[in-house]
1. Hydropathy at least 0.5 by Kyte-Doolittle, axial extent at least 27 angstrom from the Cα trace: which helices of chain A, defined as entire DSSP H runs, fit?
2. In a Gaussian network model over chain A where Cα atoms closer than 10 Å are linked, find which of A:Asn52, A:Asn150, A:Asn39 has the largest mean-square fluctuation.
3. Please find, in a Gaussian network model of chain A (springs between Cα atoms separated by less than 10 Å), the residue of A:Phe243, A:Phe15, A:Phe46 whose mean-square fluctuation is greatest.
4. Take the stretch A:34-315, compute every pairwise Cα distance, and split them into 5 Å bins from 0; I just need the percent in each bin.
5. State, as an integer percentage, the relative contact order of the stretch A:34-315 based on alpha-carbon contacts under 8 Å between residues 6 or more apart.
6. Given a cut-off of 16 Å, what percent of all Cα-Cα pairs of the stretch A:21-74 lie beyond it?
7. Determine the principal axes of the Cα atoms in the protein assembly as shown, then give the extent along each, sorted from largest to smallest and rounded to whole angstroms.
8. Find the accessible area per residue for the protein assembly as shown; the probe is 1.4 Å, ligands and nucleic acids are left out, and the unit is Å².
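The values are calculated or read from the model by the stated rules, or taken from the named source; none is laboratory data. What you see is a predicted model; the values in this text were computed from it and never measured. All Cβ positions, glycine included, derive from the backbone under ideal geometry; neighbour counts span all protein chains shown. Keep in mind that these areas ignore ligands, DNA and RNA; they rest on the heavy atoms of the full protein, side chains included. Shrake-Rupley method; radii C 1.70, N 1.55, O 1.52, S 1.80 Å.
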Amino acid sequence: MRHAWKRNILCCGIFIVMLIIFLHPDMNARRSYEYIEKNDILSNLFEKTAENFTSPAVLHCEYHNLLFDDTTLSISLVDGDLVEGHKIKEGGEYSPSECKPRFSTAIIVPYRNRAEQLRGFLVYMHTFLHHQCIHYRIYVVEQLDSRMFNRAKLLNIGALAAMRSGYPCLILHDVDLLPLRPGNLYACTKQPRHMSSSINKFRYVLPYLNVFGGAVAIASNQYKAVNGMSNEYFGWGGEDDDFYARLEAKGLKMSRFEPETSRYHMVSHKSQHKGSGRQKLKVAKERMASDGLNSLTYTEIATVLHPLFTHIMVDL
Amino acid sequence: MVTLTIQDLLPYNTNKPNKKVDMDAILPFLILPLLLLVATISRAITIIVMVVIGMGALYVLSRPRQKNRSPFFYSWTLSSALYMFLIFEIGILGLLEITQLENFIFLLLLTCTCYFFYKMKAVADFELATGSSKGKEYSPVLTSDSHYCQICQIEVNERFFHSIWWDCCVLKPNYGYFLVGQLLAFATLLFGTNLGLTSVCQPFILYGTILMPEDCDDVYYEFNMALCFVTCVYGVGYLFVIFLVLLHQLLIYIPKYSEPQWRKLINVFNV
């Protein structure tokens, strides 16, 4: 009798311990999170156009209908071509002619060696952004040297170029992400915004609450205030968490739109080499003042204005 | 002093250790991971390995039942469950794409499955020890619809059978546990493989939050992903087998299929 009793207790104990281990309290992937309600989006937007931008139109553009647009764009757009007469200026700049846009956005895309993907991305993004009635320009920053890919540094370079052209809002965008919902307005909110919070590749969940990579919208002055991103992250991973730590240190809260609006399609590709950024992450806040926009050194090989994008080629 | 071993916790324990039997019981724990590892090399090899496992199972089924008296098959079931569980909890959850709620539902289903199979085995062992199933329901003289189970050495009714994969007889007292266990195992595997495949592959939205895998082209580039993928494919194979078992149990209750000529055909799935 005593033996059976002990056995039951032992079984229960083992079971509970196993349950706690396998419930993974440290892993917090989630499908729901705090977001800006659709009705509050307009009042939360950071309304500003580029410094030297003028529109011939008289009326201001309206965004209400766009924000409540529930349609989903088709991924097959990447295989097609842009329609004729798209009025995109050299360097990938566009502004609607029928109304005066309220937002100017520079979309900065770090890039290397994925010509076919870039082509699809540009066609898709121009089609997508034409629906949005905003003034925008696409910058593609390409790393030409053979060192490991440094996404954050490329973004810094692109951001500097965009800020020089007077863009008040930057969108840091990966080339493999395609926004699916027209309601996902490519403009900055008053707080930095994590846009790609519902990616198909990640089962439409957030891997962890403070993820701040993929596609991010941030006002230029905020980007300057946190000294941009770190230049030290070679290889894949870490730089986005470092960036989030910087925002946190400056007291900037991250915002998001609701998951349905923030749906993205990730174009499949081979995984990249993992970097070794985890140790750097611990001292992210200390390095913030000395590592970033103010310590940016690189060699610019060329800047070419292509019909669909501004191509900045650099050696890091 | 609490002197307990793993043996005590298992419902089935042999008190006579035998070198050959032990070897049979350990082999699946070595063969299965080896097969899964080999299958991660490429898509073609995955297909070959899965076909080989399927053929092996068919070969076992085609042999006379008495010959399959070995703990190998029960070990195979245990090792399959163990490895699939470990890959799910370590590999697939490591991708950070499974929410805690989903993991919790999975663990709940798994716990229920384990409980029912544990009860099934415990009841079978109890029957074997006490022999109470030789009472009223089972006449000492073999009637037309009952036969003698060579392996357990007790008499079983035609509708019941000996399962080599569970190494016990499924009799009237534990038939309910067996059926519910199979149903729960089906649900657990369905849920687990769906979570796994949608994590490693590109998913699409079927309805609401239900996702289905769509494009699994780039899983072989990374060993981790490939192993998760291969294990999920193996799980889908298991799912198919459980589906056949459940279908078989369903067919038995349809009178038409209880006739002898059908019975022979259906009883292939008495696993």
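1. A:2-22
2. Among A:Asn52, A:Asn150, A:Asn39, the largest mean-square fluctuation in the Gaussian network model of chain A belongs to A:Asn52.
3. A:Phe15
4. Taking every Cα pair in the stretch A:34-315, the percentages come to 1, 6, 13, 18, 21, 19, 14, 7, 3, 1, 0.
5. 25 percent
6. 69 percent
7. Sorted from largest, the Cα extents of the protein assembly as shown read 102, 58, 44 Å.
8. 49 Å²
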